Structure formats: structure tokens, C-alpha cells
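See structure below.
What follows is calculated from the coordinates using simple rules that are stated; it is not laboratory data. All of these numbers come straight from a predicted model, not from anything done at the bench. Every residue, glycine as well, gets a Cβ built from its backbone with ideal geometry; the counts of neighbours run over all protein chains shown.
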Amino acid sequence: MPNANAVVDSVSSLSSPLAEVREARRAKPASPSVTVRFKSGQSGVLDMSQPRSVVWAEVLHSMREANQPAYVEIDPVTNLITELLCPVVVQVGELRETNSGAEVELIVSHARHYLQRARPDFRALLDALKNARRQESTVIVTETDDHQIIDVRPTNVPRTSKRK
């Protein structure tokens, strides 16, 4: 089961222009917050008093321009964005279950990707990966910097390459 506080979606808009966001990097924020709206209608808020929020706003703007999905975690009480990751839209190659979880090949990545059995949603994520592999469909995979898979969601993006 995906994290209930996570949104994986394309960004539709940011409430402040990019120039204003960049100005916040050089001085005190001109805007105390920036609202990020997603195509699904959901939204989250960046607290511009936090140094990382300026960078996150720039990243989210770039992702919007490229029509790439973003993974954000939103605090359900404050509506603040507390995490930002850049998921990839991929096909699933080989899957190998191990004692600690699974090693996953994501086409066309050369890195090894891991799904840890200790995750409470291990079975659901593994099933989503297996289904995508079996159906040769693309999925949106989000992982941490050390390639730990934390989210898998279907997408309607057409396949771009044939599996060998």
C-alpha cells in the first residue's frame, strides 16, 4: 500500500513565479510559502523560510516544464511538503527475490535497485513490479538515493523499447 501522505503526479503550477523563487535564494523570501498544485488537483505547500524549499521549488518547476512526475510527501496536518524525490518512468526487467527482499532491474538503468522485505508494503510493491513485468507495462518507480524502492505506481505511458 503506497504511503497515504505521498503524491506521485505531474506538477500543474507553482503559486510564485520562478524569478521570485530564485530571488528568495539571494534574500529573505519574498513569499512565506509557495503552493504547488498537481494535475490531480492535490496541492502542497513549500515553506520558503526553509533553505531546501527554494531548491525544491526550482526542481518542481523544472519537472513541470519537462512534464515529469514528482514524488512528494505532504504532512496531513500542515499541508507542508516534507519530502521530494524524482521518480522514473520505466519498464521492469529481471526480478530476483533474495532473503532480504528483491533485486530489481529497471530498464534502462545500470544501477541495482532494491526492495527491502522489511518494508510494511513489501508485498504490494513486489506485486506491482511483477505485474508490470508480466504485462510489459511502464510504471512510475520512486526510490531513495541508495536505490531503495519506496513506491511503485502504474502509468499509461507507452512502452519505448522492447525487452531483449
**Request:** Collect residues whose amide H, placed 1.01 Å from N in the peptide plane, falls under 5 Å from the amide H of residue 117; neighbours closer than 5 in sequence don't count.
**Result:** 101, 102
**Asked** Where the centroid of each part is defined by its Cα atoms, how far is the stretch 109-158 from the stretch 53-68 in Å?
**Response** 23
**Request:** Might you report the magnitude of the Cβ-based charge dipole of the stretch 6-85 about its Cα centre, with Lys and Arg at +1 and Asp and Glu at -1, to the nearest 20 debye?
**Result:** 240
**Request:** For the chain, give the magnitude of the charge dipole about the Cα centre (Cβ charges: +1 Lys/Arg, -1 Asp/Glu; no others), in debye to the nearest 20.
**Result:** 460
**Prompt:** What's the extension gain from residue 65 to residue 117 if we count 0.36 nm per residue and subtract their Cα-Cα distance?
**Reply:** 15.1 nm
**Item:** Estimated 222 nm signal from helices in the chain, with DSSP H stretches of n ≥ 4 weighted -39500 (n - 2.57), rounded to 500
**Value:** -7500 deg cm²/dmol
**Message:** Could you give each residue of the stretch 78-83 its phi-based ³J(HN,Hα) in whole Hz, using Karplus coefficients 6.51, -1.76, 1.60 with θ = phi - 60°, and x for Gly or Pro?
**Reply:** 9, 6, 7, 6, 10, 8
**Asked** Relative contact order for the stretch 88-154: what is it in percent, counting Cα pairs under 8 Å that are at least 6 residues apart?
**Response** 33
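Rounded to a whole number of µm²/s, how large is the Stokes-Einstein D of the chain at 37 °C and 0.692 mPa s, given Rh as the Kirkwood radius over C-alpha pairs?
195
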